[in-house]
Amino acid sequence: MSDDAVTNLNDAVIPFRIENAAVRGEITRLKHSINEVLKDHNYPKPVAKLVAKAVALTSLLGSSIKFNGRLIVQTQTSGPVSMLVVDYHADGEQKTDGKFRASARFDADKISELEKTDDASLLGEGQMIITIDQGKNMQEYQGIVALDNISLEAAAGLYFGQSEQTLTEIRLAAEFDEDEATWNAGGLMIQSIAAEGGSNADKSEAELKDAQLSDWENARALLKTVKDFELISNSTDSQSLLFQLFHEKGVRCYVEQPLQAFCQCSPERIEDMLSQFSQEERVEMATENPKKPGFIQVGCDFCGKEYEFTAEHFAQ
Ligand SMILES: [Zn+2]
């Protein structure tokens, strides 16, 4: 395998199907791309971990829901991390890389006081909003699920149960590797699908339902045996992990969707945003900027890039 291919599978989501079973899924790995997203943010570790898991989750959702455009997964909650946004762009054919950016709003003091930094402690109560925006000519879709002291994966499982009536189980993991000073994130999702064809061809509807349920319970039991480190370990890639887990029935992997970090911010977009204010307001922003008086400084929430303008720049 070439170096390129290895890099690709470190930042890719792979759809799969368990052979002769009514179960499909997605497995995702993020290495280079998640470090690109986190590097300029200086998030406290628990926040970075939550953001990395949210990105892994979004890539799983993005790969399982076929769409062209943007998928936005957002949480709005009462906990120390009051908002989390992952903005994911992809085309339904998976012909281009899935591109994502992410951002979190949090209270650093409250986080440092936490005894536990699991998802529920960080997020608290509120909601998870899943938006699919497929451009001007398509209606925007929005799904909302309660996120009340539960994990991101539990909330996503609720979403699939509610909006698609699909039994779904998700595992997410993210960890900072102290030796390499890098983040690794990963996730694995399985979904129950209708049992059909093959050895099931002569079965009654009730028998098919039973077969579907028993396939689902088997796959769920296997998913429960996965350790967090296996989802992110450098020594086991996504495909090897799938084969380890589901070797009894066999597993078929489909074409992977490579993932990469991106941001859409630009000086022009920031300039546009600032031009919405009055010149008086811009002068005030510049003179009252404690970091650099005389300059309006705007940081991008997603990539952390700083943009700088003078008020005179806008005066015409
Ligand atoms: Zn940016």
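The values are calculated or read from the model by the stated rules, or taken from the named source; none is laboratory data. Computed from a predicted structure; not experimentally measured. We place every Cβ from the backbone using ideal geometry, glycine too, and count neighbours over all the protein chains shown.
Residues in the range 61-88 that are at pLDDT below 95 and farther than 18 Å from GLN264 by Cα: LEU61, GLY62, SER63, SER64, ILE65, LYS66, PHE67.
Here is a yes/no grid of residues against (1) without any contact (Cβ under 8 Å) to a residue 12 or more places away in the chain; (2) among the acidic types (Asp, Glu):
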| position | (1), (2) |
| --- | --- |
| GLU178 | yes, yes |
| ALA185 | no, no |
| SER192 | no, no |
| LYS203 | yes, no |
| ASP237 | no, yes |
| SER278 | yes, no |
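Find the residue count for the range 282-307, including only residues that are exposed (fewer than 14 other Cβ atoms within 10 Å of the Cβ), acidic (Asp, Glu) and away from the ligand (no atom under 14 Å from the Cβ). Count: 1. For the range 106-116, the criterion of being hydrophobic (A, V, I, L, M, F, W, C), over 18 Å from GLY304 (Cα atoms) and part of a helix (DSSP H, G or I) is met by at least one residue. Can we say SER59 is touching a Pro at 6+ places or on another chain (Cβ under 8 Å) and closer than 29 Å to SER235 by Cα? Here the answer is no, as SER59 does not meet what is asked.
Identify the residue in the range 214-267 that is part of a loop (DSSP other than H, G, I, E, B) and of a type in the set (Lys, Arg) and, among all such residues, is surrounded by the most Cβ atoms within 10 Å (Cβ to Cβ). Only one residue fits best here, namely LYS249.
The set of residues in the range 250-265 being within 16 Å of the ligand (Cβ to nearest atom) and of a type outside the set (Gly, Ala, Ser) consists of GLN260, PHE262, CYS263, GLN264, CYS265. Just one residue in the set GLU175, GLU115, GLU180 is acidic (Asp, Glu), within 25 Å of VAL47 (Cβ to Cβ), surrounded by fewer than 20 Cβ atoms within 10 Å (Cβ to Cβ) and within 18 Å of the chain's Cα centre (by Cα); that residue is GLU175.
Within the option set GLY143, GLY157, being without any contact (Cβ under 8 Å) to a residue 60 or more places away in the chain, under 21 Å from the mean Cα position of the chain (by Cα), assigned to a helix (DSSP H, G or I) and within 25 Å of GLY79 (Cα to Cα) holds for one residue only, GLY157.
Can you say whether VAL55 is within 14 Å of TYR88 (Cα to Cα) and aliphatic (A, V, I, L, M), as far as the supplied structure shows? Criteria met by VAL55.
Applying the condition of being more than 16 Å from the ligand (Cβ to nearest atom) and either in a loop (DSSP other than H, G, I, E, B) or within 15 Å of CYS303 (Cβ to Cβ) (or both) to the range 268-281 and asking which residue is nearest to the chain's Cα centre (by Cα) yields GLN276.
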